[in-house]
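Trainee: Supplied in structure tokens, the structure appears directly below.
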Amino acid sequence: MIHFVGAGPGAPDLITVRGARLLKEADVIIYAGSLVNPELLEFRKPTCTVFDSASMTLEETVQVMRDAQERGLACVRLHTGDPSLYGAIAEQMTALDAVGIDYDVVPGVSSLFGAAAALKTEYTLPGVSQSLIVTRAAGRTPVPDRERLSFLAAHGCTMALFLSTGLLAKAQTELLAGGYAPQTPAAIVYRATWPDEAVYRCTVATLADCAKTHGITKTALVIVGDALDGHGERSKLYDPEFSHGYRAAHGAVNQQRTQSVSVVAFTARGLSLARQLAEGLAGQGHVVDLSAPMRLATNGVSPFGNLSDWARDAFSRSDALIFVSACGIAVRTIAPYATDKFRDPAVICIDETARFVTPLLSGHVGGANALARTIAGLCGAQPVITTATDVNGVFAVDEWAARQGLALLDRVEARHVATALLEGKTVGLTSTIPLEGPLPQGLACGEEADSCEVGISISLDAALRPFAATLRLVPRVATVGIGCKRGTAVDELEAALEVALSEAHLAREAVRELVTIDVKQDELGILELGKRLGVPVRFQSAEQLAAVPGSFSSSAFVKETVGVDNVCERAACATGGTLVLGRRRFPGITVAIALHETRLSFVGWSRDKEAQCG
């Protein structure tokens, strides 16, 4: 029996347990001496014979295997990484088949994954890339014409190039010609997991220069793709609002709500692509409405007559609009309705051949950039991102805030922060909320932030302004339990809420939802208050409120009236928060407030010092 064994990427302790056992049992080892870490040979027994295949031909290698088989010896053919990737094992197995020698294959950890570990990255980020192309540049070993880098690059997904560091000038030209933008992140990982491992980050446009600068000519892996930036959407696997066979959904933390998306197409080909996008987005939890002119509107597609009327309606009810059309059609259609970058829905345009997907409006706060990357992943298009912070590789605070569920209070200061970062200035950061992950480049905490004129304050209290120009970000983590007598005016409810929030030292923007008893489902004042705050109003039955765990004040009158001894405090805690302001009474109104634990993360937004701000 011949055992083909994957040695792993380099570090000797990354070989599999099975591979290490076979090395210990082997009578003969044939190893790729130019690539495999020789420390792995320390597993062998003293009587084992070792051959270095670096100087051997295929015929010589197979002859050693045949000799071992004839003598009844255990033989291990030790390949670097995983033998199925550029391991040239197929020809060896063919030769063994020809002479009737049995063999098996033990997989190994590929350098592809050693490189991912070195980069601290995920190749398949939701909304960015769900595919990984493993290939090589054409050199002395040709590649099929249909696998030219310029063809593969058109997919825009994550790509790993093996055996290509000596051909990077040519590879760079092909990658750019195929569709990767010049500023697309790239990295060269030299000898992943070895003691002298080195990681060099660059862009597609600077790959060749980066390799030349650092003297890299071999034994390195090249990775390209937007996934290297780490700015992906949150996965469904651990999304608290997403149910699966092992966990029921529960309240979301720092997560954007599922988007309502309106998709419109104008030609038969465009409608086919629109259907594909609608199906893919619906599969990710979005609520999708697909429309087309009346002559095309069949099979569940909503018809429209006047495009301007369609756009006006979509602007008022949708979080995102997707035009499968020329950009000019989209721009002229939305022009009368675009008013405010902080309130306008995301608007995206994709050509009907699915080559390019372009965010046109609300790239950051509205999520158009992220949605464009999602769409690109669904249909293989190239996202065309034009926002200044993105093309310059600068931290986009408004996009980060939107993804973390933070309310952004100061528009002018948001521009000041972006401008400062684009100009290479340091922006201060203070936070009363715990932060995880590396601090984005350009931000400073603690003493380093003291001298900053422009800064960011993350707090539940909107009164904090520690910098001359302070961008205030407020987590939406407060659940307001509310009760009132029938017919209470919205102005009275709003005034009572403002007092309660002030007593709890909470910004108005910290409110994430209003909760009350279900007998108030038609209470116009509460419903209107939810609209003014821009938050949902949730209703609980008396039985549900009575089952909320905790110690609450009690009223016999309230229990006799609605069936539960307390409405506002129980309602505040009904979705899992911790009570921070007990029942506060106003004329005909009661208010209580609970806070939900929150976590904020910079993971994936940059690679700098750890974020520790308090």
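No value in this document is a laboratory result; all are computed from the given coordinates. The model shown is predicted, which means the values in this text are computed figures rather than measured ones. Positions of Cβ are generated from backbone atoms using ideal geometry, with glycine treated the same way; all protein chains shown enter the neighbour counts.
Trainee: So what is the relative contact order for the chain, in percent, with contacts set as C-alpha pairs under 8 Å and at least six apart?
Mentor: 9 percent
Trainee: Could you order peptides 474-480, 207-213, 100-106 by the average number of other Cβ atoms within 10 Å of their residues, highest first?
Mentor: My ranking of the peptides, most packed first, is 474-480, 207-213, 100-106.
Trainee: Report the one residue of 221, 347, 56 whose Cα lies farthest in the direction of the positive end of the charge dipole of the chain (charges on C-beta: Lys and Arg +1, Asp and Glu -1; origin at the Cα centre).
Mentor: Value computed over the given set: 347.
Trainee: Now, a different point. Mind counting lysine pairs for me in the chain? Cα separation below 25 Å, and the two need to be 8 or more apart along the chain or on different chains.
Mentor: Value for the chain: 15.
Trainee: Are there any trypsin sites (Lys or Arg not before Pro) in segment 87-146 that are in a DSSP loop and have at most 13 other Cβ atoms within 10 Å? List them by number.
Mentor: Sites meeting the loop and neighbour criteria: 120, 140.
Trainee: Could you pull out the trypsin sites (Lys or Arg not before Pro) across segment 523-603 that fall in loop regions by DSSP (anything but H, G, I, E, B) with no more than 13 other Cβ atoms inside 10 Å?
Mentor: Qualifying residues, ordered by number: 599.
Trainee: Rounded to the nearest 20 debye, what is the charge dipole size of segment 254-341 about its Cα centre when +1 sits on each Lys and Arg Cβ and -1 on each Asp and Glu Cβ?
Mentor: 160 debye
Trainee: Follow-up. Could you tell me how many degrees, from 0 to 90 and to the nearest 10, lie between the Cα long axis of helix 524-533 and the main elongation axis, the longest principal axis, of the Cα atoms of the chain?
Mentor: Helix 524-533 sits at roughly 50 degrees to that axis.
Trainee: What FRET efficiency, computed as 1/(1 + (r/R0)^6) with R0 = 30 Å and r the Cβ-Cβ distance, is obtained for residue 578 and residue 528, rounded to the nearest 0.05?
Mentor: For R0 = 30 Å, the calculated efficiency reads 0.60.
Trainee: Might you report the magnitude of the Cβ-based charge dipole of segment 372-489 about its Cα centre, with Lys and Arg at +1 and Asp and Glu at -1, to the nearest 20 debye?
Mentor: Roughly 740 debye for segment 372-489.
Trainee: Now for a different question. If packing is taken as the average number of other Cβ atoms within 10 Å across a peptide's residues, how do 560-569, 343-352, 447-456 rank, most packed first?
Mentor: My ranking of the peptides, most packed first, is 343-352, 560-569, 447-456.
Trainee: Using the eigenvalues of the Cα gyration tensor, what equivalent ellipsoid semi-axes result for the chain when each is taken as the square root of five times the eigenvalue, whole Å, largest first?
Mentor: Over the Cα atoms of the chain, the semi-axes work out to 55, 30, 25 Å.
Trainee: Could I ask something else about it? What order do you get for 123-131, 296-304 when each peptide is scored by the mean count of other beta carbon atoms within 10 Å, highest first?
Mentor: Top of the packing list down: 123-131, 296-304.
Trainee: How long is the gain from residue 519 to residue 298 if the chain were fully straight, where each residue apart is worth 0.36 nm and the alpha carbon distance is subtracted?
Mentor: 75.4 nm is the gain from fully extending residue 519 to residue 298.
Trainee: Placing +1 at every Lys and Arg Cβ and -1 at every Asp and Glu Cβ, with all other atoms neutral, what dipole size does the chain have around its Cα centre, in debye to the nearest 20?
Mentor: 720 debye
Trainee: Here is a further query. For the chain, what is the calculated [θ] at 222 nm in deg cm²/dmol (nearest 500), taking -39500 (n - 2.57) for each run of four or more DSSP H residues and dividing by its residue count?
Mentor: Computed mean residue ellipticity for the chain: -8000 deg cm²/dmol.
Trainee: Charges on Cβ only, +1 for Lys and Arg, -1 for Asp and Glu, centred on the Cα centroid of the chain; of 593, 525, 438, which one is farthest towards the dipole's positive end?
Mentor: 525
Trainee: Report, by chain and number, residues whose modeled amide H sits under 5 Å from the one on residue 431, excluding near sequence neighbours (fewer than 5 apart, same chain).
Mentor: The answer is 458, 614.
Trainee: Which percent, nearest 5, of DSSP beta bridges in segment 4-90 are antiparallel?
Mentor: Taking every DSSP beta bridge within segment 4-90, about 10 percent pair in antiparallel fashion.
Trainee: Quick check: the angle from helix 58-70's long axis to the longest principal axis of the chain, C-alpha only, nearest 10 degrees?
Mentor: In the chain, helix 58-70 runs at an angle near 80 degrees to the longest axis.
Trainee: Counting Lys +1, Arg +1, Asp -1, Glu -1, what net charge surrounds residue 577 among other residues with beta carbon under 13 Å of its beta carbon?
Mentor: Neighbour charge sum, excluding residue 577 itself: +1.
Trainee: Run through all the Cα pairs of segment 53-92 and give the fraction in each 10 Å bin from 0, expressed as whole percent.
Mentor: Result, from short to long distances: 27, 54, 19, 0 percent.
Trainee: What net charge do the residues around residue 325 carry, taking every other residue with its C-beta under 9 Å from that of residue 325, with Lys and Arg at +1 and Asp and Glu at -1?
Mentor: Taking every Cβ under 9 Å from that of residue 325, the sum is -2.
Trainee: Another one. Where the centre of each part is set by its Cα atoms, how far does segment 288-328 sit from segment 59-113, in angstrom?
Mentor: 59 Å
Trainee: Name the residue farthest towards the positive end of the dipole of the chain from the options 198, 406, 19, assuming +1 on Cβ of Lys and Arg, -1 on Cβ of Asp and Glu, about the Cα centre.
Mentor: The residue sitting farthest along the positive end of the dipole is 406.
Trainee: So what's the angle, to the nearest 10 degrees on a 0 to 90 scale, between helix 168-178 and the longest Cα principal axis of the chain?
Mentor: The two axes meet at around 40 degrees.
Trainee: Sticking with this one: Give me a comma-separated list of calculated 3J(HN,Hα) values for segment 371-381, in order, Karplus coefficients 6.51, -1.76, 1.60 applied at θ = phi - 60°, integers in Hz, x for any Gly or Pro.
Mentor: Per residue, the Karplus-derived 3J(HN,Hα) values read 5, 4, 5, 4, 4, 4, x, 6, 10, x, 7 Hz.
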